[in-house]
Amino acid sequence: MTVNLLDFDLDALAGYCEGLGEKRFRAVQLFRWIHQKGESDFARMSDLAQSLRAKLAGAAELRALPLASEHRSADGSIKWLFDVGGGNAIETVYIPEAERGTLCVSSQVGCAVGCRFCSTGHQGFSRNLSTGEIVAQLWFAEHRLRVGGSQRVIDNVVMMGMGEPLQNYAAVVPALRVMLDDHGYGLSRRRVTVSTSGMVALIDRLREDCPVALAVSLHAPDDALRDRLVPLNRKDGIEALLAACVRYLARAPRDFVTFEYCMLEGVNDSDDQARALVRLVGGRVPCKFNLIPFNPFPASGLRRSSRERVLAFAAVLQQAGIVTTIRRTRGDDIDAACGQLAGEVQDRTRVHLRLPRAAPGATHPAGLA
Ligand code: SF4
(Lines give C-alpha, C1' and ligand atoms only; values in the text may rest on other atoms or scores of the structure.)
Protein backbone atom coordinates (compact mmCIF):
# COMPACT_ATOMS: atom_id res chain seq x y z
CA MET A 1 0.00 0.00 0.00
CA THR A 2 1.41 3.38 -0.95
CA VAL A 3 1.68 6.12 1.67
CA ASN A 4 -0.96 8.84 1.43
CA LEU A 5 0.84 12.16 1.82
CA LEU A 6 -2.42 13.86 2.84
CA ASP A 7 -2.12 11.94 6.11
CA PHE A 8 0.90 14.02 7.16
CA ASP A 9 1.21 17.38 8.87
CA LEU A 10 4.48 19.10 8.07
CA ASP A 11 6.45 17.50 10.91
CA ALA A 12 5.22 14.05 9.94
CA LEU A 13 6.06 14.71 6.28
CA ALA A 14 9.53 15.88 7.31
CA GLY A 15 9.93 12.63 9.25
CA TYR A 16 8.83 10.62 6.21
CA CYS A 17 11.24 12.50 3.94
CA GLU A 18 14.03 12.03 6.45
CA GLY A 19 13.38 8.31 6.19
CA LEU A 20 14.01 8.69 2.47
CA GLY A 21 17.30 10.46 3.20
CA GLU A 22 15.94 13.93 2.41
CA LYS A 23 16.31 17.18 4.34
CA ARG A 24 13.39 19.07 5.94
CA PHE A 25 13.39 21.82 3.31
CA ARG A 26 12.49 19.18 0.72
CA ALA A 27 9.45 18.26 2.83
CA VAL A 28 8.47 21.95 2.94
CA GLN A 29 8.70 22.13 -0.86
CA LEU A 30 6.59 19.00 -1.22
CA PHE A 31 4.04 20.23 1.33
CA ARG A 32 3.65 23.52 -0.53
CA TRP A 33 3.16 21.75 -3.85
CA ILE A 34 0.45 19.58 -2.37
CA HIS A 35 -1.51 22.07 -0.31
CA GLN A 36 -0.80 25.47 -1.82
CA LYS A 37 -0.69 24.48 -5.48
CA GLY A 38 -2.97 21.45 -5.33
CA GLU A 39 -0.54 19.37 -7.34
CA SER A 40 -0.86 15.61 -7.08
CA ASP A 41 1.59 14.54 -9.81
CA PHE A 42 5.16 14.36 -8.51
CA ALA A 43 6.48 14.68 -12.08
CA ARG A 44 5.03 18.20 -12.27
CA MET A 45 6.63 19.38 -9.01
CA SER A 46 9.29 21.15 -11.02
CA ASP A 47 11.59 22.45 -8.29
CA LEU A 48 11.63 19.16 -6.42
CA ALA A 49 14.89 17.23 -6.85
CA GLN A 50 14.64 14.50 -9.46
CA SER A 51 16.02 12.06 -6.92
CA LEU A 52 13.15 12.76 -4.49
CA ARG A 53 10.55 12.54 -7.24
CA ALA A 54 11.96 9.14 -8.15
CA LYS A 55 11.80 7.98 -4.53
CA LEU A 56 8.19 9.14 -4.17
CA ALA A 57 6.98 7.53 -7.37
CA GLY A 58 5.45 4.18 -6.51
CA ALA A 59 5.99 4.63 -2.75
CA ALA A 60 3.69 7.56 -2.06
CA GLU A 61 0.65 9.22 -3.52
CA LEU A 62 -1.82 11.98 -2.89
CA ARG A 63 -5.01 10.02 -2.38
CA ALA A 64 -8.02 12.22 -3.04
CA LEU A 65 -11.50 11.12 -2.05
CA PRO A 66 -13.59 9.76 -4.93
CA LEU A 67 -16.35 12.25 -5.67
CA ALA A 68 -19.80 10.65 -5.74
CA SER A 69 -21.87 13.74 -6.46
CA GLU A 70 -21.94 17.52 -6.45
CA HIS A 71 -25.03 19.64 -5.77
CA ARG A 72 -25.08 23.39 -6.25
CA SER A 73 -27.65 25.42 -4.34
CA ALA A 74 -29.37 28.48 -5.73
CA ASP A 75 -27.66 30.53 -2.98
CA GLY A 76 -24.18 29.44 -4.14
CA SER A 77 -23.60 26.72 -1.53
CA ILE A 78 -22.10 23.52 -2.86
CA LYS A 79 -22.45 20.09 -1.30
CA TRP A 80 -20.09 17.30 -2.25
CA LEU A 81 -20.71 13.67 -1.44
CA PHE A 82 -17.53 11.59 -1.23
CA ASP A 83 -17.34 7.82 -1.41
CA VAL A 84 -15.28 6.56 1.55
CA GLY A 85 -15.68 2.88 0.78
CA GLY A 86 -17.67 0.08 2.34
CA GLY A 87 -20.93 1.55 1.10
CA ASN A 88 -20.29 4.74 3.11
CA ALA A 89 -20.34 8.36 2.02
CA ILE A 90 -19.54 11.64 3.74
CA GLU A 91 -20.49 15.18 2.88
CA THR A 92 -18.60 18.45 2.69
CA VAL A 93 -20.29 21.81 2.17
CA TYR A 94 -18.93 25.07 0.82
CA ILE A 95 -20.78 28.21 1.87
CA PRO A 96 -19.80 31.42 0.08
CA GLU A 97 -20.38 34.70 1.90
CA ALA A 98 -19.60 38.29 0.98
CA GLU A 99 -16.46 38.47 3.09
CA ARG A 100 -15.30 34.89 3.21
CA GLY A 101 -15.69 31.32 2.04
CA THR A 102 -16.51 28.70 4.63
CA LEU A 103 -16.01 24.97 4.32
CA CYS A 104 -17.92 22.61 6.60
CA VAL A 105 -15.85 19.44 6.99
CA SER A 106 -16.75 15.96 8.23
CA SER A 107 -14.60 14.09 10.75
CA GLN A 108 -16.30 10.69 11.01
CA VAL A 109 -18.49 8.40 8.95
CA GLY A 110 -21.69 8.83 10.92
CA CYS A 111 -21.61 9.71 14.59
CA ALA A 112 -21.94 7.69 17.77
CA VAL A 113 -23.15 10.57 19.96
CA GLY A 114 -26.73 10.22 18.79
CA CYS A 115 -28.12 13.72 19.37
CA ARG A 116 -31.88 13.53 19.06
CA PHE A 117 -32.28 16.38 16.57
CA CYS A 118 -29.44 15.32 14.25
CA SER A 119 -29.98 13.24 11.15
CA THR A 120 -26.34 12.10 11.25
CA GLY A 121 -26.81 10.90 14.82
CA HIS A 122 -29.88 8.93 13.76
CA GLN A 123 -27.84 7.07 11.15
CA GLY A 124 -25.35 5.65 13.62
CA PHE A 125 -21.59 5.34 13.32
CA SER A 126 -19.38 3.41 10.95
CA ARG A 127 -15.79 4.57 11.41
CA ASN A 128 -13.40 7.45 11.97
CA LEU A 129 -11.98 9.31 9.01
CA SER A 130 -8.20 9.33 8.67
CA THR A 131 -6.26 12.60 8.74
CA GLY A 132 -5.86 12.23 4.98
CA GLU A 133 -9.60 11.87 4.46
CA ILE A 134 -10.28 14.99 6.54
CA VAL A 135 -7.60 17.04 4.77
CA ALA A 136 -8.72 15.69 1.38
CA GLN A 137 -12.05 17.53 1.78
CA LEU A 138 -10.27 20.89 2.05
CA TRP A 139 -7.68 20.00 -0.59
CA PHE A 140 -10.42 19.11 -3.06
CA ALA A 141 -12.67 22.09 -2.34
CA GLU A 142 -9.93 24.69 -2.34
CA HIS A 143 -8.38 23.56 -5.59
CA ARG A 144 -11.65 22.82 -7.35
CA LEU A 145 -12.97 26.29 -6.61
CA ARG A 146 -9.77 28.24 -7.14
CA VAL A 147 -9.81 29.56 -10.68
CA GLY A 148 -6.26 30.47 -11.69
CA GLY A 149 -3.96 32.61 -9.53
CA SER A 150 -3.16 31.91 -5.93
CA GLN A 151 -6.01 33.80 -4.26
CA ARG A 152 -7.36 31.60 -1.47
CA VAL A 153 -11.02 30.61 -1.83
CA ILE A 154 -11.61 29.06 1.58
CA ASP A 155 -10.55 31.10 4.58
CA ASN A 156 -12.82 29.62 7.19
CA VAL A 157 -13.14 25.96 8.13
CA VAL A 158 -15.73 24.62 10.55
CA MET A 159 -15.54 21.04 11.78
CA MET A 160 -19.31 20.81 11.90
CA GLY A 161 -20.04 18.20 9.29
CA MET A 162 -20.69 14.55 9.93
CA GLY A 163 -19.21 13.30 13.21
CA GLU A 164 -18.01 14.47 16.61
CA PRO A 165 -14.48 15.78 15.87
CA LEU A 166 -13.13 15.20 19.36
CA GLN A 167 -14.10 11.53 19.24
CA ASN A 168 -11.59 11.28 16.39
CA TYR A 169 -8.97 13.34 18.17
CA ALA A 170 -5.84 11.56 16.91
CA ALA A 171 -6.76 12.19 13.27
CA VAL A 172 -8.34 15.62 13.69
CA VAL A 173 -5.42 17.39 15.40
CA PRO A 174 -2.87 16.73 12.59
CA ALA A 175 -5.55 17.81 10.09
CA LEU A 176 -5.98 21.07 12.00
CA ARG A 177 -2.20 21.57 11.87
CA VAL A 178 -2.24 21.20 8.09
CA MET A 179 -5.00 23.82 7.87
CA LEU A 180 -3.08 26.25 10.11
CA ASP A 181 0.40 25.71 8.67
CA ASP A 182 1.75 28.69 6.71
CA HIS A 183 3.19 26.22 4.21
CA GLY A 184 -0.22 24.52 4.00
CA TYR A 185 -3.48 26.47 3.96
CA GLY A 186 -2.27 29.21 6.32
CA LEU A 187 -5.64 29.63 8.00
CA SER A 188 -5.91 31.78 11.09
CA ARG A 189 -6.63 29.93 14.34
CA ARG A 190 -9.61 32.24 14.69
CA ARG A 191 -10.93 30.94 11.36
CA VAL A 192 -10.75 27.25 12.16
CA THR A 193 -13.53 26.06 14.45
CA VAL A 194 -13.96 22.74 16.19
CA SER A 195 -17.58 22.14 17.05
CA THR A 196 -18.11 19.64 19.84
CA SER A 197 -21.06 18.19 21.64
CA GLY A 198 -19.05 18.71 24.83
CA MET A 199 -16.32 16.15 25.54
CA VAL A 200 -14.78 17.77 28.60
CA ALA A 201 -11.47 15.91 28.85
CA LEU A 202 -10.79 16.37 25.14
CA ILE A 203 -11.63 20.07 25.22
CA ASP A 204 -8.85 20.32 27.81
CA ARG A 205 -6.48 18.38 25.57
CA LEU A 206 -7.27 20.50 22.54
CA ARG A 207 -6.53 23.61 24.59
CA GLU A 208 -2.99 22.32 25.12
CA ASP A 209 -2.35 20.65 21.76
CA CYS A 210 -3.91 22.91 19.14
CA PRO A 211 -6.21 25.69 20.38
CA VAL A 212 -8.55 26.91 17.67
CA ALA A 213 -11.96 28.55 17.85
CA LEU A 214 -14.43 26.47 19.86
CA ALA A 215 -18.13 25.93 19.33
CA VAL A 216 -20.13 23.86 21.80
CA SER A 217 -23.49 22.31 21.04
CA LEU A 218 -25.44 23.25 24.15
CA HIS A 219 -29.09 22.97 23.11
CA ALA A 220 -30.53 22.98 26.64
CA PRO A 221 -30.31 25.09 29.81
CA ASP A 222 -30.33 22.19 32.28
CA ASP A 223 -29.00 18.65 32.62
CA ALA A 224 -32.41 17.00 32.63
CA LEU A 225 -33.19 18.19 29.11
CA ARG A 226 -29.63 18.06 27.79
CA ASP A 227 -29.27 14.45 28.94
CA ARG A 228 -32.10 13.60 26.57
CA LEU A 229 -31.04 15.79 23.62
CA VAL A 230 -27.27 15.16 23.77
CA PRO A 231 -26.78 11.77 25.43
CA LEU A 232 -23.10 12.22 26.29
CA ASN A 233 -24.15 14.97 28.70
CA ARG A 234 -24.88 12.17 31.18
CA LYS A 235 -21.14 11.65 31.57
CA ASP A 236 -19.97 15.11 32.62
CA GLY A 237 -22.98 17.39 32.84
CA ILE A 238 -23.32 21.06 31.99
CA GLU A 239 -21.38 22.43 34.99
CA ALA A 240 -18.22 20.51 34.07
CA LEU A 241 -18.67 21.50 30.42
CA LEU A 242 -18.90 25.20 31.20
CA ALA A 243 -15.84 24.97 33.48
CA ALA A 244 -13.91 23.37 30.57
CA CYS A 245 -15.04 26.23 28.31
CA VAL A 246 -13.68 28.80 30.77
CA ARG A 247 -10.36 26.94 30.96
CA TYR A 248 -10.24 26.71 27.16
CA LEU A 249 -10.61 30.46 26.77
CA ALA A 250 -7.31 31.00 28.56
CA ARG A 251 -5.55 29.60 25.46
CA ALA A 252 -8.12 30.15 22.73
CA PRO A 253 -7.55 32.46 19.75
CA ARG A 254 -10.96 34.04 20.37
CA ASP A 255 -12.13 35.47 23.66
CA PHE A 256 -15.50 33.77 23.56
CA VAL A 257 -17.05 30.35 23.04
CA THR A 258 -19.88 29.96 20.56
CA PHE A 259 -22.82 28.03 21.96
CA GLU A 260 -24.88 26.34 19.28
CA TYR A 261 -28.53 25.99 20.16
CA CYS A 262 -30.89 24.12 17.86
CA MET A 263 -34.38 25.57 18.25
CA LEU A 264 -36.95 22.81 18.78
CA GLU A 265 -40.59 23.75 19.05
CA GLY A 266 -42.01 23.14 22.51
CA VAL A 267 -38.82 21.41 23.67
CA ASN A 268 -36.15 24.04 24.41
CA ASP A 269 -37.47 27.30 22.97
CA SER A 270 -39.50 29.01 25.74
CA ASP A 271 -38.71 32.39 27.27
CA ASP A 272 -38.24 30.66 30.62
CA GLN A 273 -35.58 28.45 29.08
CA ALA A 274 -33.86 31.50 27.55
CA ARG A 275 -33.82 33.12 31.00
CA ALA A 276 -32.39 29.90 32.45
CA LEU A 277 -29.59 30.08 29.87
CA VAL A 278 -28.83 33.64 30.92
CA ARG A 279 -28.55 32.52 34.54
CA LEU A 280 -26.39 29.58 33.47
CA VAL A 281 -23.73 31.42 31.46
CA GLY A 282 -24.20 35.09 32.31
CA GLY A 283 -21.12 36.75 33.78
CA ARG A 284 -19.34 33.40 33.83
CA VAL A 285 -18.56 32.17 30.32
CA PRO A 286 -17.74 34.82 27.71
CA CYS A 287 -19.89 33.55 24.88
CA LYS A 288 -22.06 34.10 21.86
CA PHE A 289 -25.18 32.16 21.06
CA ASN A 290 -25.95 30.89 17.60
CA LEU A 291 -29.58 29.87 17.30
CA ILE A 292 -30.03 27.22 14.63
CA PRO A 293 -33.34 26.60 12.91
CA PHE A 294 -33.96 22.87 13.13
CA ASN A 295 -34.06 21.07 9.80
CA PRO A 296 -36.78 18.47 10.28
CA PHE A 297 -36.22 14.92 9.10
CA PRO A 298 -38.89 12.24 9.26
CA ALA A 299 -37.47 10.03 12.02
CA SER A 300 -36.93 12.87 14.49
CA GLY A 301 -40.53 13.58 15.38
CA LEU A 302 -39.35 17.13 16.18
CA ARG A 303 -40.44 20.42 14.70
CA ARG A 304 -38.68 23.67 13.89
CA SER A 305 -39.52 26.59 16.20
CA SER A 306 -41.43 29.36 14.48
CA ARG A 307 -39.55 32.44 13.34
CA GLU A 308 -41.44 34.51 15.93
CA ARG A 309 -40.41 32.13 18.74
CA VAL A 310 -36.77 32.22 17.68
CA LEU A 311 -36.81 36.02 17.61
CA ALA A 312 -38.44 36.20 21.07
CA PHE A 313 -35.89 33.71 22.46
CA ALA A 314 -33.04 35.70 20.93
CA ALA A 315 -34.43 38.91 22.43
CA VAL A 316 -34.24 37.50 25.97
CA LEU A 317 -30.56 36.63 25.47
CA GLN A 318 -29.77 39.93 23.79
CA GLN A 319 -31.48 41.95 26.52
CA ALA A 320 -29.16 40.22 28.98
CA GLY A 321 -26.18 41.45 26.94
CA ILE A 322 -25.37 38.13 25.24
CA VAL A 323 -24.47 38.47 21.57
CA THR A 324 -26.94 36.23 19.74
CA THR A 325 -27.18 35.40 16.08
CA ILE A 326 -29.74 33.38 14.21
CA ARG A 327 -28.16 31.12 11.65
CA ARG A 328 -29.28 31.75 8.13
CA THR A 329 -30.36 28.52 6.56
CA ARG A 330 -27.94 28.35 3.65
CA GLY A 331 -28.20 25.59 1.14
CA ASP A 332 -31.65 24.53 2.34
CA ASP A 333 -32.37 23.13 -1.08
CA ILE A 334 -29.38 20.77 -0.82
CA ASP A 335 -29.83 19.79 2.85
CA ALA A 336 -26.64 21.60 3.79
CA ALA A 337 -27.56 22.81 7.26
CA CYS A 338 -25.52 21.54 10.22
CA GLY A 339 -26.70 18.17 11.41
CA GLN A 340 -28.21 17.52 8.02
CA LEU A 341 -25.08 16.18 6.39
CA ALA A 342 -26.68 12.85 5.96
CA GLY A 343 -24.32 11.01 3.66
CA GLU A 344 -24.83 7.29 3.71
CA VAL A 345 -23.66 5.25 6.64
CA GLN A 346 -23.44 1.54 7.21
CA ASP A 347 -24.27 1.68 10.90
CA ARG A 348 -22.07 -0.51 13.07
CA THR A 349 -23.50 0.77 16.31
CA ARG A 350 -27.09 -0.30 15.79
CA VAL A 351 -28.05 3.18 16.91
CA HIS A 352 -31.45 2.72 15.35
CA LEU A 353 -32.18 0.27 18.15
CA ARG A 354 -31.19 2.78 20.83
CA LEU A 355 -32.87 5.92 19.52
CA PRO A 356 -36.60 5.84 20.00
CA ARG A 357 -38.56 6.71 16.90
CA ALA A 358 -41.60 8.88 16.88
CA ALA A 359 -44.85 7.06 16.39
CA PRO A 360 -46.58 8.03 13.16
CA GLY A 361 -48.27 11.36 13.71
CA ALA A 362 -46.47 12.03 17.03
CA THR A 363 -45.24 15.55 17.67
CA HIS A 364 -42.09 14.66 19.63
CA PRO A 365 -40.31 11.46 20.56
CA ALA A 366 -41.30 10.02 23.90
CA GLY A 367 -39.82 11.97 26.78
CA LEU A 368 -39.21 15.19 24.88
CA ALA A 369 -42.63 16.68 24.47
S1 SF4 B 1 -25.06 16.92 16.40
FE2 SF4 B 1 -22.89 16.41 16.09
S3 SF4 B 1 -22.34 15.17 17.90
FE4 SF4 B 1 -24.59 15.19 17.81
S5 SF4 B 1 -25.11 13.32 16.63
FE6 SF4 B 1 -24.98 15.04 15.17
S7 SF4 B 1 -22.90 14.94 14.35
FE8 SF4 B 1 -22.95 13.74 16.28
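Of all DSSP beta bridges confined to the chain, the antiparallel ones make up roughly 45%. With Cα atoms as the point set, the radius of gyration and Dmax of segment 1-67 evaluate to 10.9, 35 Å. In bins 10 Å wide, starting from 0, what share of all Cα pairs of segment 226-306 does each bin hold, as a percent? All Cα pairs considered, the percentages come to 15, 43, 33, 8, 0. Helix 307-319 axis versus longest C-alpha principal axis of the chain: approximately 90°, rounded to the nearest ten. Under the simplified labelling scheme, the His71-Asp223 pair shows an inter-label distance of 4.0 nm, with each label point 7 Å from Cα along Cα→Cβ. If you fit an axis through the alpha-carbon atoms of helix 200-209 and take the longest principal axis of the Cα set of the chain, what angle between them do you get, 0 to 90°, nearest 10? Here the helix axis deviates by roughly 30 degrees.
In sequence order, segment 177-188 has phi-based couplings of 5, 5, 4, 7, 5, 4, 8, x, 9, x, 6, 5 Hz under the Karplus curve 6.51 cos²θ - 1.76 cosθ + 1.60, θ = phi - 60°, and Gly or Pro positions carry x.
The residues of segment 204-299 expose on average 38 square angstrom of accessible surface per residue, using a 1.4 Å probe on protein heavy atoms.
Listed peptides 42-48, 314-320, 110-116 appear in the order 110-116, 314-320, 42-48 once ranked by packing, highest mean of other Cβ atoms within 10 Å at the front. Result for the chain in a Gaussian network model with C-alpha springs under 10 Å: among Pro293, Pro231, Pro174, the largest mean-square fluctuation is at Pro231. Entry note, segment 13-164: relative contact order of 19 percent, from Cα contacts under 8 Å with a spacing of 6+ residues. Each 10 Å bin from 0 upward holds the following percent of the Cα-Cα pairs of segment 28-153: 11, 35, 33, 17, 4, 0. Note on Ala312 and Arg205: the extension gain reaches 34.8 nm, defined as 0.36 nm multiplied by sequence separation minus the Cα-Cα distance. The GNM of the chain, with springs linking C-alpha atoms under 10 angstrom apart, assigns the highest mean-square fluctuation among Glu39, Glu308, Glu99 to Glu99.
Measuring nothing but how far apart in sequence close Cα pairs (under 8 Å, 6+ apart) lie, relative to its length, segment 108-226 scores a relative contact order of 21 percent.
Below 12 angstrom from the Cβ of Arg226, what's the summed charge of the other residues (Lys, Arg +1; Asp, Glu -1)? List each step's numbers first, then the result.
Numbers: positive: Arg116, Arg228, Arg234, Lys235; negative: Asp222, Asp223, Asp227, Asp236, Glu239.
Summing Lys/Arg as +1 and Asp/Glu as -1 gives -1.
Comparing Gly76, Gly163, Gly58 in a Gaussian network model of the chain, where Cα atoms under 10 Å apart are tied by springs, the biggest mean-square fluctuation is seen for Gly58. Model label sites at Gln319 and Glu239, defined 7 Å from Cα along the beta-carbon direction, differ in position by 2.9 nm. In a shell of Cβ-Cβ distance under 13 Å around Arg309, excluding Arg309 itself, what net charge do Lys and Arg (+1) and Asp and Glu (-1) give? It works out to a net charge of -2.
Translational diffusion of segment 94-232, estimated by Stokes-Einstein from the Kirkwood radius over alpha carbon pairs at 10 °C in a medium of 1.306 mPa s, is 101 µm² per second.
Rounded to the nearest 10 degrees, what's the angle between the helix 131-145 long axis and the longest principal axis of the chain, both from Cα atoms, 0 to 90? Its long axis makes an angle of about 80 degrees. Stokes-Einstein diffusion of the chain at 25 °C, 0.890 mPa s viscosity, Kirkwood radius from Cα pairs, rounded to a whole number: 114 µm²/s.
The values are calculated or read from the model by the stated rules, or taken from the named source; none is laboratory data. Model, not experiment: these values are computed from the prediction. Glycine also receives a Cβ, built like all others from the backbone with ideal geometry; neighbour counts cover every protein chain displayed. Calculation scope for accessible area: heavy atoms of the full protein, side chains included, ligands and nucleic acids excluded. Shrake-Rupley method; radii C 1.70, N 1.55, O 1.52, S 1.80 Å.
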